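Taking it in order: structure first as C-alpha coordinates, then the write-up.
The values are calculated or read from the model by the stated rules, or taken from the named source; none is laboratory data. All values reported here derive from a predicted model rather than from experimental measurement. In this analysis, Cβ positions are derived from the backbone assuming ideal geometry, glycine residues included, and neighbour counts consider all displayed protein chains.
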(Lines give C-alpha, C1' and ligand atoms only; values in the text may rest on other atoms or scores of the structure.)
Protein backbone atom coordinates (compact mmCIF):
# COMPACT_ATOMS: atom_id res chain seq x y z
CA UNK A 1 0.00 0.00 0.00
CA UNK A 2 1.41 3.39 -0.97
CA UNK A 3 1.80 6.20 1.53
CA UNK A 4 -0.83 8.24 -0.32
CA UNK A 5 -3.45 5.48 -0.26
CA UNK A 6 -2.61 4.69 3.37
CA UNK A 7 -3.17 8.33 4.34
CA UNK A 8 -6.48 8.28 2.46
CA UNK A 9 -7.50 5.10 4.30
CA UNK A 10 -6.53 6.57 7.68
CA UNK A 11 -8.36 9.81 6.93
CA UNK A 12 -11.49 7.69 6.54
CA UNK A 13 -10.67 5.90 9.80
CA UNK A 14 -10.29 9.21 11.65
CA UNK A 15 -14.02 9.79 11.28
CA UNK A 16 -15.08 6.25 12.20
CA UNK A 17 -16.30 5.61 15.70
CA UNK A 18 -15.17 1.95 15.66
CA UNK A 19 -12.36 0.21 13.83
CA UNK A 20 -12.33 -3.38 12.68
CA UNK A 21 -9.43 -5.54 13.82
CA UNK A 22 -7.94 -5.41 10.30
CA UNK A 23 -8.11 -1.61 10.25
CA UNK A 24 -6.58 -1.35 13.71
CA UNK A 25 -3.84 -3.84 12.83
CA UNK A 26 -2.86 -1.77 9.80
CA UNK A 27 -2.61 1.44 11.83
CA UNK A 28 -0.89 -0.13 14.86
CA UNK A 29 1.71 -1.88 12.69
CA UNK A 30 2.48 1.37 10.85
CA UNK A 31 2.68 3.27 14.14
CA UNK A 32 5.09 0.72 15.64
CA UNK A 33 7.20 0.73 12.47
CA UNK A 34 7.41 4.52 12.58
CA UNK A 35 9.05 4.56 16.01
CA UNK A 36 7.02 7.63 16.94
CA UNK A 37 5.13 8.25 20.15
CA UNK A 38 1.41 7.51 19.88
CA UNK A 39 0.52 11.18 20.28
CA UNK A 40 2.86 12.28 17.47
CA UNK A 41 1.81 9.54 15.05
CA UNK A 42 -1.89 10.12 15.75
CA UNK A 43 -1.63 13.89 15.28
CA UNK A 44 0.24 13.50 11.97
CA UNK A 45 -2.44 11.14 10.63
CA UNK A 46 -5.52 12.75 12.12
CA UNK A 47 -6.18 9.81 14.43
CA UNK A 48 -6.90 9.55 18.14
CA UNK A 49 -3.89 8.52 20.21
CA UNK A 50 -6.22 6.80 22.67
CA UNK A 51 -7.35 4.43 19.89
CA UNK A 52 -3.74 3.48 19.19
CA UNK A 53 -3.15 2.84 22.88
CA UNK A 54 -6.40 0.86 23.12
CA UNK A 55 -5.75 -1.32 20.08
CA UNK A 56 -1.97 -1.88 20.38
CA UNK A 57 -2.03 -4.42 23.23
CA UNK A 58 -4.99 -6.26 21.67
CA UNK A 59 -3.30 -6.55 18.27
CA UNK A 60 0.06 -7.50 19.76
CA UNK A 61 -1.51 -10.16 22.01
CA UNK A 62 -3.38 -11.62 19.04
CA UNK A 63 -0.17 -11.69 16.99
CA UNK A 64 1.75 -13.44 19.80
CA UNK A 65 -1.01 -16.03 20.21
CA UNK A 66 -1.10 -16.78 16.48
CA UNK A 67 2.71 -17.07 16.29
CA UNK A 68 2.85 -19.35 19.33
CA UNK A 69 0.02 -21.53 18.08
CA UNK A 70 1.47 -21.93 14.60
CA UNK A 71 5.03 -22.56 15.80
CA UNK A 72 3.97 -25.12 18.39
CA UNK A 73 1.95 -27.31 16.05
CA UNK A 74 3.58 -30.62 15.25
CA UNK A 75 4.11 -31.75 11.70
CA UNK A 76 2.68 -35.15 12.64
CA UNK A 77 -0.66 -35.49 14.37
CA UNK A 78 -0.84 -36.73 17.94
CA UNK A 79 -2.56 -40.07 18.20
CA UNK A 80 -3.91 -42.02 21.11
CA UNK A 81 -2.06 -45.25 21.69
CA UNK A 82 -3.25 -48.16 23.78
CA UNK A 83 -1.63 -48.39 27.18
CA UNK A 84 -1.46 -51.23 29.63
CA UNK A 85 -1.05 -50.54 33.31
CA UNK A 86 1.68 -52.73 34.75
CA UNK A 87 3.38 -52.94 38.08
CA UNK A 88 0.51 -51.50 40.08
CA UNK A 89 0.10 -52.91 43.52
CA UNK A 90 -3.44 -53.44 44.72
CA UNK A 91 -4.53 -50.50 46.88
CA UNK A 92 -1.91 -48.07 45.54
CA UNK A 93 -2.78 -45.09 43.39
CA UNK A 94 -1.71 -45.47 39.78
CA UNK A 95 0.77 -42.96 38.37
CA UNK A 96 0.95 -42.13 34.66
CA UNK A 97 3.56 -40.28 32.60
CA UNK A 98 2.53 -38.89 29.22
CA UNK A 99 5.44 -38.03 26.91
CA UNK A 100 4.73 -36.00 23.78
CA UNK A 101 6.92 -36.00 20.64
CA UNK A 102 7.85 -32.34 21.24
CA UNK A 103 9.47 -33.20 24.59
CA UNK A 104 6.68 -32.24 26.97
CA UNK A 105 6.09 -34.79 29.72
CA UNK A 106 3.09 -34.73 32.05
CA UNK A 107 3.21 -36.80 35.22
CA UNK A 108 -0.06 -37.67 36.90
CA UNK A 109 0.38 -39.18 40.33
CA UNK A 110 -3.29 -40.00 40.93
CA UNK A 111 -4.46 -41.12 37.50
CA UNK A 112 -7.75 -42.40 38.85
CA UNK A 113 -8.92 -38.82 39.41
CA UNK A 114 -7.38 -37.21 36.32
CA UNK A 115 -10.01 -36.19 33.78
CA UNK A 116 -8.85 -36.51 30.16
CA UNK A 117 -10.19 -33.06 29.20
CA UNK A 118 -8.22 -31.47 32.07
CA UNK A 119 -5.06 -33.26 30.96
CA UNK A 120 -5.69 -32.12 27.36
CA UNK A 121 -6.10 -28.49 28.46
CA UNK A 122 -2.94 -28.69 30.54
CA UNK A 123 -0.92 -30.11 27.64
CA UNK A 124 -2.33 -27.47 25.26
CA UNK A 125 -1.44 -24.75 27.74
CA UNK A 126 2.11 -26.05 28.09
CA UNK A 127 2.43 -26.09 24.31
CA UNK A 128 1.02 -22.56 24.03
CA UNK A 129 -2.05 -23.65 22.10
CA UNK A 130 -5.52 -22.62 23.30
CA UNK A 131 -8.34 -25.15 23.21
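Would you call residue 56 assigned to a helix (DSSP H, G or I), exposed (fewer than 13 other Cβ atoms within 10 Å of the Cβ) and at pLDDT 85 or above?
No; evaluated as a whole, the condition is false for this residue.
Residue count for segment 102-113, restricted to those that are surrounded by fewer than 10 Cβ atoms within 10 Å (Cβ to Cβ) and over 15 Å from residue 125 (Cα atoms): 2.
As a summary of the residue check, residue 67 satisfies the conditions (1) surrounded by 13 or more Cβ atoms within 10 Å (Cβ to Cβ); (2) at pLDDT below 75 except for the one numbered (1). Restricting attention to segment 77-131, the residues that are modelled with pLDDT under 75 and in contact with a strand residue (DSSP E or B) (Cβ under 6 Å, 6 or more places away or on another chain) add up to 1.
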